[in-house]
1. Within the range 29-62, count every residue that is in a helix (DSSP H, G or I) and touching a helix residue (DSSP H, G or I) at 6+ places or on another chain (Cβ under 7 Å).
2. Please specify each residue of the range 63-75 satisfying the condition of being at pLDDT 60 or above, out of contact with any strand residue (DSSP E or B) (no Cβ under 9 Å at 6 or more places or on another chain) and part of a helix (DSSP H, G or I).
3. So, in the range 1-28, how many residues would count as being over 11 Å from the mean Cα position of the chain (by Cα), assigned to a helix (DSSP H, G or I) and touching a residue at least 12 places away in the same chain (Cβ under 8 Å)?
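The values are calculated or read from the model by the stated rules, or taken from the named source; none is laboratory data. Note that the structure is a prediction, hence the values are computed from the model and not measured. Counting neighbours? That spans all protein chains shown, and the Cβs are built from the backbone with ideal geometry, glycine included.
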C-alpha cells in the first residue's frame with residue numbers, strides 16, 4: 001500500500017503560497033487544527049480530503065504518494081554502502 005508523502009504536501013502548499021489556514025478553510029474545517037493534524041500525520045487523510053488537497057495544490061492525487069521504487073532503491077543503495 002502506498003503512503004501519503006506528508007512532507008511533499010507541506011512543501012507544495014508552501015510553494016503555492018497557501019497557509020495551513022487557507023487549506024483548512026478550503027477543506028471546510030472550522031479550525032486550523034483539522035487540516036494541521038492531517039498534514040503532520042496525527043490524523044489520516046480520507047480519500048475525499050486527499051482528492052481535495054490535490055485539487056487545491058493543482059496536482060494529481062498520485063503525486064501525493066511516495067514513489068515506492070525510489071524508496072526501495074534508496075534502501076538497497078544504503079545497504080550496499082554499509083557492506
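1. Taking the range 29-62 and keeping what is in a helix (DSSP H, G or I), we get 33-39, 47-57, 61-62.
Filter once more, keeping what is touching a helix residue (DSSP H, G or I) at 6+ places or on another chain (Cβ under 7 Å): 34-36, 38-39, 49-54, 56-57, 61.
Number of matching residues: 14.
2. Within the range 63-75, 63, 68, 75 meet the criteria.
3. Within the range 1-28, the first condition is being over 11 Å from the mean Cα position of the chain (by Cα), and the residues that meet it are 1-2, 14-28.
Cutting the leftovers down to assigned to a helix (DSSP H, G or I) gives us 14-15, 20-27.
Narrowing the set further to residues that are touching a residue at least 12 places away in the same chain (Cβ under 8 Å) leaves 20, 23-24, 26-27.
Number satisfying all stated conditions: 5.
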